[in-house]
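So the structure is just underneath, and the comments pick up after that.
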Amino acid sequence: MTSSTQAATEPTDPLPPGGDSGTGTGLTATELIGRSPGSLAWARFKRDRVGIACAVTVLAFILIAFAAPLIAKLYGKDPYQLYGQDRGLLNSYGIPLKPNGGVDADFWFGVEPNLGRDVFTLLIYGIRTSLFISLAVTIVSVVTGVLIGLVQGYLHGKVDYFLGRFSDLMLSFPQQLFFIAFTPVIVALFVSPRDEEPTYVRIVALILVQFLLGWMVVGRLVRAQVLSLREREFIEAARLSGASNWRIIRKEVLPNIWSTVLVQATLLLPANVTAEAGLSFLGVGIQPPTPDWGLLFQSGASYFESDVTFMFFPGIAMLIFVVAFNLLGDSVRDALDPKTVR
């Protein structure tokens, strides 16, 4: 074999740590050839052990939420049966007779004080309820924010001005007070106070209330991105070529802002989870007996001194979920923008 043939078949030498000048990716020259930005981001993310661990944790929570009925069936219990009262597991004060909140082989996380429901099934169904509401709020908020931000940034002028002032008006509302005050109002629009309130009405009300004050941050970020993109050369070239506004937005603008939207969505979801749990804790969110993360904290606060174990499992689960999702958002941001310094 000739020396020229050998040189052609040998792999390209790796670049020094950090990649070629200015990339900071740490990829070899061979890996850089023909790679799309998405592939490069995925390669960077796979080397982030914290990001991978957080992604697995978040995925586990999501799988638990979707598979809650199956898990409860295999476990042999449901979140509505009053096991403590039926089996005599509570004392005269409603506190579990066994230590550590009644934790044993039959009740992995113990039983609920007073009613005696199984804490494990309450927790997995509570995760299901909170995640469903928060995911719906996040999706609707992101879609609305992207649409309004695109319209503001691309059309600018009077459209940008009036939509911007509307966004400022919505941002002026204090979120927590708005949530607490208007959730019962929205529920009353669907159900008379004299009638029994279906659970889905409360869920719809929570989604609407959180969405109304949740889309503005995404809208402003998208608007800023679009304003910086609309004067770029490739946008001007597409405009001069006769492309319609819709085609320019779909083919040129959206692919350049999706990373910002994705990062913001990963940070918005845990914030919505804690907001929903807070509303249920304050009594204006999901109502008993529907399992919910916030209701577990509400009940746990009532029995904290006599049964600290009941607060322990929901608290640890919430802490792990929020921390994992926030760290996942940081990892996604770093993977999409290698110049970001955490």
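Using a 1.4 angstrom probe on heavy atoms only, work out the carbon and sulfur share of the accessible area of the chain in %. Intermediate values should be presented prior to the final figure.
Values: 11870 of 18370 Å².
The nonpolar share, carbon plus sulfur, comes to 65 percent.
Over 14 Å apart: what share of the alpha carbon pairs of the range 182-229 falls there, rounded to a whole percent?
Working: 662 of 1128 pairs.
Of all Cα-Cα distances in the range 182-229, 59 percent exceed 14 Å.
Count charges around I249 for me, please; just the other residues with Cβ under 12 Å from its Cβ, Lys/Arg as +1, Asp/Glu as -1.
Working: positive: R230, R239, R247, R250, K251; negative: E252.
That works out to +4.
Could you list log10 I(q)/I(0) for the range 200-252 at q = 0.12, 0.28 Å⁻¹, which the Debye formula gives when each Cα is one point scatterer?
Calculated log10 I(q)/I(0) at the listed q: -0.47, -1.02.
Going highest first, how would you order 81-94, 315-328, 109-122 by mean Cβ packing within 10 Å? Intermediate results must be reported in sequence, preceding the final value.
On the way: 81-94: 15.0, 315-328: 17.7, 109-122: 24.4.
So the peptides 81-94, 315-328, 109-122, ranked by packing, come out 109-122, 315-328, 81-94.
In whole Å, what are the Cα extents of the range 87-126 along the three principal axes, biggest one first?
28, 19, 16
One-quarter of the Cα convex hull surface for the range 128-225, in nm²?
The directionally averaged projection comes out at 6.9 nm².
Counting residues in the range 285-342 as N, plug N into 2.2 N^0.38 Å and put the Cα Rg over that result. Display every interim value, and only then the final one.
Working: Rg = 16.9 Å, N = 58, 2.2 N^0.38 = 10.3 Å.
Here the Cα radius of gyration is 1.64 times the empirical estimate.
Label the range 242-341 by shape, choosing from rounded, prolate and oblate, from the square roots a ≥ b ≥ c of the eigenvalues of the Cα gyration tensor; if a/c is under 1.5 it is rounded, and otherwise prolate applies when a/b is larger than b/c, oblate when it is not.
Note, shape of the range 242-341 comes out oblate.
Can you count the Lys pairs in the chain with C-alpha separation below 28 Å, eight or more apart or on different chains?
6
Scan (i) 52; (ii) 31; (iii) 38 for the value of percent of Cα pairs over 30 Å apart calculated from this model and give just the label.
(i)
S36 to F234: extension gain in nm, 0.36 nm per residue of separation minus the Cα-Cα distance? Display every interim value, and only then the final one.
On the way: separation 198, 0.36 × 198 = 71.28 nm, distance 1.81 nm.
Residue separation times 0.36 nm, minus the Cα-Cα distance, leaves 69.5 nm.
The values are calculated or read from the model by the stated rules, or taken from the named source; none is laboratory data. Source: prediction; values computed, not measured. A quick note on method: Cβ atoms are made from the backbone with ideal geometry, for glycine too, and the neighbour counts reach across all protein chains shown. For the accessible areas, the whole protein counts, side chains as well, though only heavy atoms, and no ligand, DNA or RNA atoms are used. Shrake-Rupley method; radii C 1.70, N 1.55, O 1.52, S 1.80 Å.
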